[in-house]
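Worksheet for the structure shown next.
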Amino acid sequence: MPLVVPGVTSQPDSKTEEWSNKLVGKKITDDETSNEISFAKRDLPEAHRVIQPGGIVTKDFIPDRLNVHVRDDGTVSHVTHG
């Protein structure tokens, strides 16, 4: 069975998977650059929101909006669009 590394040896199937490969396990920061453990907030798409655990969000569906879900420690747990 060949080795598959998401985003390296395979092509993402969707925008959501692409963003998931970039963000999951990293912290969103206000820094200017991204690295192995963090991702610069300015590099997120214009239509995005960072959702804290237990945070209140609207139920409106915006297909191109990236929802970044973070854990209590600030690391990204998963992403969705909508």
*With respect to residue 46, determine if the residue is in a loop (DSSP other than H, G, I, E, B), modelled with pLDDT of 95 or more and either of a type in the set (A, V, I, L, M) or out of contact with any helix residue (DSSP H, G or I) (no Cβ under 9 Å at 6 or more places or on another chain) (or both).*
yes
Going through segment 33-48 in order, the residues found to be out of contact with any Ser or Thr (no Cβ under 8 Å at 6 or more places or on another chain) and exposed (fewer than 15 other Cβ atoms within 10 Å of the Cβ) are 33, 35, 36, 37, 42, 45, 46, 47
query: Within segment 18-32, is there a residue that is outside any strand (DSSP E or B), touching a Ser or Thr at 6+ places or on another chain (Cβ under 8 Å) and among the hydroxyl-bearing types (Ser, Thr, Tyr)?
result: no
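The values are calculated or read from the model by the stated rules, or taken from the named source; none is laboratory data. Computed from a predicted model, the values in this text were never measured in an experiment. Using ideal geometry, Cβ is built from the backbone for each residue, glycine included, and neighbour counts are taken over all protein chains shown.
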